[in-house]
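Taking it in order: structure first as structure tokens, then the write-up.
The values are calculated or read from the model by the stated rules, or taken from the named source; none is laboratory data. Nothing here was measured: the structure is a model prediction, and the numbers come from that model. Cβ atoms come from the backbone with ideal geometry, glycine included; neighbour counts cover every protein chain shown. Keep in mind that these areas ignore ligands, DNA and RNA; they rest on the heavy atoms of the full protein, side chains included. Shrake-Rupley method; radii C 1.70, N 1.55, O 1.52, S 1.80 Å.
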Amino acid sequence: MKKLSVKKICAVVLSAVLLTSTISGLTVSAAEKTPLILGDANLDGSVSVADATEIQKYLADSADFGIRQEVVSNVDNTEVNINSVTLIQKYLSGYDTQLSIGQPVDEGEDGIIVEKTTKLNMPAVMEGILEENQQVYYSTKYNDIPFIEVNDSLIFFRDFLEKSDFNIETSDNGNIVICTIGNDLTAEFNYSEKYIAFSDYDLFITKKDSLPMDLIENNESKSSSDEPVMFLRSPYDHYYNGDPIRISLEDYSIPMLKDNGKLFIPLSTFNDIFISQTEYVLVSIDEHLFFFNQGIILDTSNELTQLYYSIEPKETLSEEMTKFNYNELCLNLDLRYGLKDTHKIKDFDSYLNRMGLKKEYLSGNVYRIDKANIQLSTACFADFHSTYVCSSPYFDRGKYNIMDEPTANSKTYMDRYKRFAYKTAIRSSILGEVEPYERRGDTAFITFDGFAAKSKADYYNENKEPDLTDTIELFSYSLEKLKNEDSDVKNVVIDLSCNTGGNSIACVYAIYAVLGSSNISVLNPITNALRQNVVECDLNLDGKIDENDKSIKALGKNIALITSDLSFSCGNLFPCNIKYEDANVLALGQQSGGGACVIGYVATATGSLMQISSNNQLVSVKNGSLMDIDHGLTPDIYLTANRMYDRDYVCNLVSEQFGN
């Protein structure tokens, strides 16, 4: 079996990263099926009275037809109706219908492709942006796998991300479709070689007027506008283009179809490559089309969610959907899971096989497949960003409770919950109720267990008491104290020992509040695209950025950090970034808990949703080198849990270390 290879390939025009994973024996093609016979509604290989009866049942809504049955029942190429029954009966009585009833149907290489108009069920915020009626296609060679025409998919993509300067061209007798944004940003669909290629993937899928891998999207202010200025990009803020990338659909046995000069790709493939990086997903279930994000689908009171789970459950998937669901999941994770190298994953086909999950995915049993999704996202990945979000609509939620499975809460996750309970209990026993800002002698402590931020407008309401549960307000408040009544404080200790992460905007702000600079880099390890988010912040929340916005460092304070293995995600990024930027910062406590990736979402072809560590990987840059932060920050001085919460001990320790 050929494994996944991510390597440079040389071509006449460009070099590209080649993303492939040949999955042996899982070709989705239905070539071994019995040839279609016109009029053979029950697909038994011949035309008989039973076929006329089967069509009558279908018309009376007492039988369901797949795409193959619909095609062979439409004997006069109009639609399946009572006339179809009459024509078959005439054929059986020897009447010359002048039709090809009883003859094999020529499906061609890609099958007979049938178009269906489908309503897009979407949140109200998308109405008026996306067309309500979308065209979905099915092929007799691929049964119930939904396809989307490439031009339609690109228009959907354009409208959703509000792209402009957008051009679509077809060449090579319809075998190639190239979408160009601007002068040189391209996506190529190649039917002959069955691939999709990008000149710069990360930039191509970025929303209009936005920047790739942006941590402060929708929060940047323009200094020329009348609105309060909270964030401004530094001149050093920069995006470094990724390598061209080629995604081989053929090597994942994912079909690309062609009919009458048009190209088609599976709708799930379009979602995985073009849409799901945005936190939205596009899912087709039993000819119903849904567009939503995690927040919507977890809201059981939402009409869209209720409609999603009103679809009739099923025990098993078709053979075609079973194989496609597995192949597409492998492609999606090969492209988008950000910790492949860290977890020593060469490709997800071999990984899922090694973990014992491949046979579960290929069982076709909906319960076993969703159970495998839980095992994969929790027990196997065990990276604390990845988790199971919701089941497929096909999953019988009335019959089974998937969350009762032991793997729904893996040992790794349960151990983490226990450690959190243990540390917070020790902290409470020593400190009681913890104040977000506390002064002890010549040392001030800032303590917060997560990064939280509100909408920008909320910070500029007059006569508002500071909310110290909000990270931005906590640091702004702390700086005001340190500039005024606590100006004689010499040391500032920031306690992140129970900080499990949170909002990246709040993390950007907090880093700037400490150092007076904020440089958080995001790397896509698949394309090697790099984004350096370098911003300035309004620290006193007066609506402008000027010399009055002084950081803790600018105020001349000594800075110490307390971390533990619970310091995760932004709770890990914050201390790593600060320590790498300023070696004079004192790191106390225990090794921080890692968590190097921005959260992403994976929707399977059957409509299950998982949260993963995405291919937007947080890194620090030092002396031009990328510093992996997933292994956490090693403290300068190790402290037990009892010691790290003994504030008097910590005060004496930092005073001694800083020579106060």
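Here are the numbers:
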| quantity | calculated |
| --- | --- |
| Subset of the range 259-290 [within 13 Å of residue 601 (Cβ to Cβ) and crowded, with 17+ Cβ neighbours inside 10 Å] | 271, 272, 275, 276, 277, 280, 281, 282, 283 |
| Identity of the residue in the range 96-143, under 30 Å from residue 293 (Cβ atoms) and in a loop (DSSP other than H, G, I, E, B), that ends up most open to solvent (accessible area, probe 1.4 Å) | 131 |
| Test: residue 201 is surrounded by 15 or more Cβ atoms within 10 Å (Cβ to Cβ), hydroxyl-bearing (Ser, Thr, Tyr) and more than 17 Å from residue 241 (Cα to Cα) | no |
| The range 52-93, residues that are acidic (Asp, Glu), assigned to a helix (DSSP H, G or I) and closer than 23 Å to residue 136 by Cα | 70 |
| Answer from 340, 314, 344 - the residue that is on the phi > 0 side of the Ramachandran plot and not polar (S, T, N, Q) | 344 |
| Residues of the range 636-655 that turn out to be in contact (Cβ under 8 Å) with a residue 12 or more places away in the chain and either touching a Pro at 6+ places or on another chain (Cβ under 9 Å) or over 23 Å from residue 594 (Cβ atoms) (or both), as a count | 9 |
| Candidate set: the range 474-489, residues that are open to solvent by less than 50 Å² (accessible area, probe 1.4 Å) and of a type outside the set (A, V, I, L, M); chosen: the one farthest from residue 568 (Cα to Cα) | 486 |
| Test: residue 430 is farther than 26 Å from residue 205 by Cα, of a type in the set (Val, Ile, Thr) and surrounded by 16 or more Cβ atoms within 10 Å (Cβ to Cβ) | no |
| Selection within the range 433-448 - open to solvent by less than 60 Å² (accessible area, probe 1.4 Å) and assigned to a loop (DSSP other than H, G, I, E, B) | 434, 436, 441, 442, 448 |
| Strands (runs of 3 or more DSSP E) lying entirely in the range 256-321 (those with 1 or more residues that are modelled with pLDDT of 95 or more, of a type in the set (A, V, I, L, M) and under 23 Å from the mean Cα position of the chain (by Cα)) | 262-266, 280-285, 288-293 |
| Hits in the range 542-562 (condition: touching a Gly at 6+ places or on another chain (Cβ under 8 Å) and crowded, with 23+ Cβ neighbours inside 10 Å) | 561, 562 |
| Test: residue in the range 142-165 that is more than 30 Å from residue 307 (Cβ to Cβ) and without any contact (Cβ under 8 Å) to a residue 40 or more places away in the chain | yes |
| Residue 539 being among the aliphatic types (A, V, I, L, M), in contact with a Cys (Cβ under 9 Å, 6 or more places away or on another chain), in a loop (DSSP other than H, G, I, E, B) and surrounded by 21 or more Cβ atoms within 10 Å (Cβ to Cβ) | no |
| Among the candidates 632, 607, 595, residue that is within 30 Å of residue 371 (Cα to Cα), touching a Gly at 6+ places or on another chain (Cβ under 9 Å) and not basic (Lys, Arg) | 595 |
| Selection within the range 212-255 - at pLDDT below 80 and either polar (S, T, N, Q) or surrounded by fewer than 22 Cβ atoms within 10 Å (Cβ to Cβ) (or both) | 217, 218, 219, 220, 221, 222, 223, 224, 225, 226 |
| Qualifying residue in the range 147-158 (condition: open to solvent by 30 Å² or more (accessible area, probe 1.4 Å), in a helix (DSSP H, G or I) and of a type in the set (D, E, K, R)) | yes |
| Residue check, residue 22 in contact with a helix residue (DSSP H, G or I) (Cβ under 6 Å, 6 or more places away or on another chain), farther than 30 Å from residue 362 by Cβ and at pLDDT below 95 | no |
| Cβ-Cβ under 7 Å pairs, at least 6 apart or on other chains, the range 287-302 side within 20 Å of residue 313 (Cα to Cα), far side at pLDDT 90 or above and open to solvent by 60 Å² or more (accessible area, probe 1.4 Å) | 289/119 |
| Unique residue being open to solvent by less than 10 Å² (accessible area, probe 1.4 Å), in contact with a Gly (Cβ under 7 Å, 6 or more places away or on another chain) and not β-branched (Val, Ile, Thr) when the list is 377, 392 | 392 |
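Every residue, every condition in (1) hydroxyl-bearing (Ser, Thr, Tyr); (2) in contact with a strand residue (DSSP E or B) (Cβ under 8 Å, 6 or more places away or on another chain); (3) open to solvent by 10 Å² or more (accessible area, probe 1.4 Å); (4) not in a loop (DSSP other than H, G, I, E, B), yes or no:
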site	(1), (2), (3), (4)
323	no, no, yes, yes
328	no, yes, no, yes
331	no, yes, no, yes
341	no, no, yes, no
349	no, no, no, yes
352	no, no, no, yes
360	no, no, yes, yes
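Each row is one residue, and each column tells you yes or no for (1) under 26 Å from residue 519 (Cβ atoms); (2) buried (at least 22 other Cβ atoms within 10 Å of the Cβ); (3) touching a His at 6+ places or on another chain (Cβ under 6 Å); (4) not aliphatic (A, V, I, L, M).
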{"site": "465", "(1), (2), (3), (4)": "no, no, no, yes"}
{"site": "472", "(1), (2), (3), (4)": "yes, yes, no, no"}
{"site": "491", "(1), (2), (3), (4)": "yes, yes, no, yes"}
{"site": "500", "(1), (2), (3), (4)": "yes, no, no, yes"}
{"site": "503", "(1), (2), (3), (4)": "yes, no, no, yes"}
